[in-house]
């Protein structure tokens, strides 16, 4: 991958991170991983440091999004339990 292409990939990763587009991040990650596997010595230290920092940001955002999703699912589960309890109470009242 030529440096302008790598710049484009880094930019695309940042855009996908900002949008929390996890599918796009996965695709871009695979593309970058393939490039790094083929030419690890071709990347300069400063660029590698930027990519490492970007990946730390991506991992942190993914962890945060996962925790938020877990909280939402727990809330939905509690709401569902409440709805079921209410429905059962209504049935008992009618019996």
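Laboratory data are not the source of any read-out in this text; all were calculated from the coordinates shown. Note that the coordinates shown come from a computational prediction; the quantities given were computed from them, not determined experimentally. Positions of Cβ are backbone-derived with ideal geometry, glycine not excepted, and every protein chain shown enters the neighbour counts.
With angles folded into 0 to 90 degrees, how steeply does helix 45-94 sit against the dominant principal axis of the chain? Use alpha carbons for both and round to 10.
It works out to around 10 degrees.
Multiplying the sequence separation of residue 53 and residue 15 by 0.36 nm and subtracting their Cα-Cα distance, what value in nm do you get?
Details: separation 38, 0.36 × 38 = 13.68 nm, distance 1.49 nm.
Between residue 53 and residue 15, full extension yields 12.2 nm more.
How far apart, in nm, are two points set 7 Å out from the Cα along the Cα-to-Cβ line at residue 74 and at residue 34?
4.0
Given a Förster distance of 41 angstrom, what is the FRET efficiency for residue 61 paired with residue 87, based on the Cβ-Cβ distance and rounded to 0.05?
The value I calculate is 0.60.
Rounded to the nearest 500, what is the 222 nm mean residue ellipticity of the chain from helices alone, with -39500 (n - 2.57) per DSSP H run of 4+ residues and division by all residues? Each step should come with its number before you reach the end.
Numbers: 3 runs with 84 residues, N = 95.
Here the helix-only value at 222 nm equals -31500 deg cm²/dmol.
Mind checking which of 48, 76, 59 has the largest fluctuation in a GNM of the chain, springs on alpha carbons under 10 Å?
76
Can you give the angle from 0 to 90° between the axis of helix 3-19 and the longest principal axis of the chain, with both taken from C-alpha atoms, to the nearest 10?
Compared with the principal axis, the helix lies near 20 degrees.
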